[in-house]
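Just below is one structure, and these are the notes that go with it.
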Amino acid sequence: MEIAVELFDAIGKPLTYSVPREFEEKITVGSLVRVPLGKRTSLGVIRDVGPCDCDIPIRPICELLQDGPTVGSDLMKLANWTCRYYGTPFHAALNVIFPAAIRRKKNWHRLPANATNENIFPPHRHGCLFSETLAIDGLNRALLKSSLIAENFQCILLHESNFRRRVSAYVTLANDAWSLGKNVLIVSPKIRDVLRLKMHIKNELSPSAKPNVLCWHSDLKPSEQCALWNPICRGSPHILIGTSAIIFFPLQSPSLTIVDEEHDSAYKREKFPHFCGRDCAVYRAKLNGGLCLLGSGSPSMESMHAVNRKKYGYWKFAKEDEIEKSFPNVHVVNLQLADRSFQLLSELLIKKIDNCLQRKLQIVLLFNYFGYGKGIICRRCGTEIVSGNLDSLPKPGKNFCPKCCHRSLRIGRMGTKAVEEILHYTFPDVSIVRCDRGPGTSQKLVQQSLEKFNENCFSILIGTSLAADAIRGKNVGLACLLSSDQTLNRSDFRAAEESFQFFQRIYCLCTQRDGDVPIELVFQTRNPKNIPLQAVIQNRPELFYDQEFVDRKSLDYPPYRRLIAQKFLSREKETLETHAMDWMESFMEQYEGNGISVKGPFEGNRHLGQHSQILYYLAKNPMEVTKAIAAMEASRPRPNGIEWMLDVDAKNFTDFL
């Protein structure tokens, strides 16, 4: 018997090995083996098994690390689909399935026989988020449970901005799946959200069932990751909660997959391979014939487009079922009417801050530019351009506004540090803390600042979006977004969508606070009639989605077509520009008439001392583009010193039209 083994090392193709007789009955596709590679050994996964028909002696495998398949058939299909869709080699998918701590040779001999998550996460390590038990009255529970029993694939978008109500749906469905002996995957974009979900779901699940809840994220120590790996692969029912990496973990045939905050850009992996966790979760649920629930308060355009095409179901809690909310008193300040050309704090905001300080309430000010920088603003259209280097900005009186082509540009100060200086001058006796991720600021320091603010050690908090969760504080009486135009004015077709999601997040945090103190919410903007802001204030998300679908369809942008970015890298700038232009012209000659359009090449940011040129492809089927690029790469030589990488469903795309 001979087998084809895909190694974790970047070999580029499977290698063939023979199987000793003692392993022949245990070997199958997906088994994890250790094989000889030169003078050393390496780990790999079996991709194919067949009879030995080769006359040349073949080296045998060294060891079978686990009886049966470590990587199940559904996970092998998911890895193959990821390679085809995102244009990545198979070994890159294996490195996601097996984390670095698991791939190390020594860790395989330290796996405990009966590892449980209780030894790693005692119940008292993280406090319970909620004390009350919530219901799932708004969902048709019987219909969803029948889908779990019949194992019919179904994807449902749960549109609910209230986090507690979303979690109530997750708890109820996880209880149903656990009672049926099914595995459950619950995915969240960020580690802090994973910990919150884990503790609440574990405490609210039926105590009689005694569910085995496991939690995985990148902050775990290697020894903790190894201790969790064995129970995940064992096959007994589990509820696995973690970040997007757990989608590729060898949990046997999960029947329920829950993706919380499905719109979050953190699901798009920045490192290679650049897969989207949300799409991979939906595809794995389809392979297993399971139920996939996508939860979000501001769904992505791709998910809403799938709902409109009847590919996804759509659930929303009825208004009569809504729990009581304390809606904030919203004020919209038009900075265009201000006397000064560059005003970070409006007169209304200063009065509101003074009023809160007199009542001994706390204030949260958000500004998505850390530190201290210079900025240019157009007094005609309100476009803001921020940069730490003034030389890179347009020159007032000489250059035109990039949006309205007018010369009415003014210089001003921007950034959280500039806001802090103004507040210290206006309110000299008030304690102020700045919370951002500038140079020299660690995540630990940011967390400590937030904790001190929650303990009422400071009266005013200034920060970027990282500090938005401080709005939940019991003593917070005022929240303000100092510049609502920063994301709107970006030259990216997703600017309106990201602005709407950020505005919605701030508004929802004001409605889901822990305290009883009424809160006021202030939006400072130079365009108060913009659609994303009005949709949030009026609580009419359909107002945004309807207009955004019209704009996207007129440009034929995602979700109507897929976006693929190809980045060329080289230290020789002239050679790189010539190669990128030749590649674009050759591609257009061969494939542009097949429903594929090409934009570029455009100069990108330098990466590790290398210049970059970027080509953007728009196509309805990304696999057609990846196949075409692979065919061109095989048919034409690549100059020495030039590399390229592919990003399917790219998130960063400048509107160059």
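Descriptive notes on the structure:
- For segment 1-107, the solvent-accessible area works out to 48 Å² per residue, with a probe of 1.4 Å and every protein chain left in place.
- Three-way shape label, segment 559-641, alpha-carbon gyration tensor, a/c 1.5: prolate
- Spatial separation of Cα centroids for segment 559-628 and segment 288-312, in angstrom: 30
- Solvent exposure of segment 475-547, expressed per residue, is 33 Å² of accessible area, with all protein chains present and a 1.4 angstrom probe.
- Using θ = phi - 60° and Karplus 6.51 cos²θ - 1.76 cosθ + 1.60, couplings along segment 500-508 (whole Hz; Gly, Pro as x): 4, 5, 6, 4, 5, 5, 4, 5, 5
- Residue-by-residue Karplus 3J(HN,Hα) for segment 591-598, coefficients 6.51, -1.76, 1.60, Hz, glycine and proline x: 10, 5, x, 9, x, 10, 10, 10
- Segment 3-66: relative contact order in percent, alpha carbon pairs under 8 Å with at least 6 residues between: 41
- The charge dipole of segment 504-634, taken about its Cα centre with unit charges on the Cβ atoms of Lys, Arg (+1), Asp and Glu (-1) only, comes to about 320 debye.
- Stretching LEU608 away from HIS424 to a fully extended chain increases their span by 62.3 nm, per 0.36 nm per residue minus the current alpha-carbon distance.
- Here's how it looks for ASN162: its modeled amide H is under 5 Å from none belonging to a residue 5 or more places away or on a different chain.
- When the C-alpha to C-alpha distance is required to be over 20 Å, the pairs from LYS198/LYS311; LYS316/LYS529; LYS13/LYS268; LYS77/LYS651; LYS553/LYS620; LYS268/LYS310 that qualify are LYS198/LYS311; LYS316/LYS529; LYS13/LYS268; LYS77/LYS651; LYS268/LYS310.
- In terms of packing, defined here as the mean over residues of other Cβ atoms within 10 angstrom, the peptides 525-533, 538-546 line up highest first as 525-533, 538-546.
- Distant-in-sequence amide contacts of PHE275, defined by a placed amide H-H separation under 5 Å and a gap of 5 or more residues or a different chain, comprise ARG269.
- Order by protection proxy (mean Cβ within 10 Å, highest first), peptides 426-435, 483-492, 19-28, 212-221: 483-492, 212-221, 426-435, 19-28
- Each peptide in 455-467, 184-196 was scored by the mean count of other Cβ atoms within 10 Å over its residues; highest first, the order is 184-196, 455-467.
- Phi angles of segment 475-484 translate, via the Karplus equation with coefficients 6.51, -1.76, 1.60 and θ = phi - 60°, into HN-Hα couplings of 10, 7, x, 8, 10, 9, 9, 5, 9, 7 Hz per residue; Gly and Pro are given as x.
- Prolate/oblate/rounded label for segment 161-281 (Cα gyration tensor, a/c 1.5): oblate
- The trypsin sites (Lys or Arg not before Pro) of segment 221-289 that DSSP puts in a loop, and whose beta carbon has at most 11 other beta carbons within 10 Å, are LYS271.
- Carbon + sulfur, % of accessible area of segment 47-102 - ligands and nucleic acids excluded, 1.4 Å: 53
- Amide H contacts for TRP216 (H built 1.01 Å from N in the peptide plane; partners 5 or more residues away or on another chain; cut-off under 5 Å): ILE241, GLY242, THR243.
The values are calculated or read from the model by the stated rules, or taken from the named source; none is laboratory data. Keep in mind it's a predicted model, so treat the numbers as computed, not measured. No Cβ is skipped: glycine too gets one built from the backbone with ideal geometry, and neighbour counts run over all protein chains shown. Remember, those area values only see protein heavy atoms, side chains included, never the ligands or the DNA or RNA. Shrake-Rupley method; radii C 1.70, N 1.55, O 1.52, S 1.80 Å.
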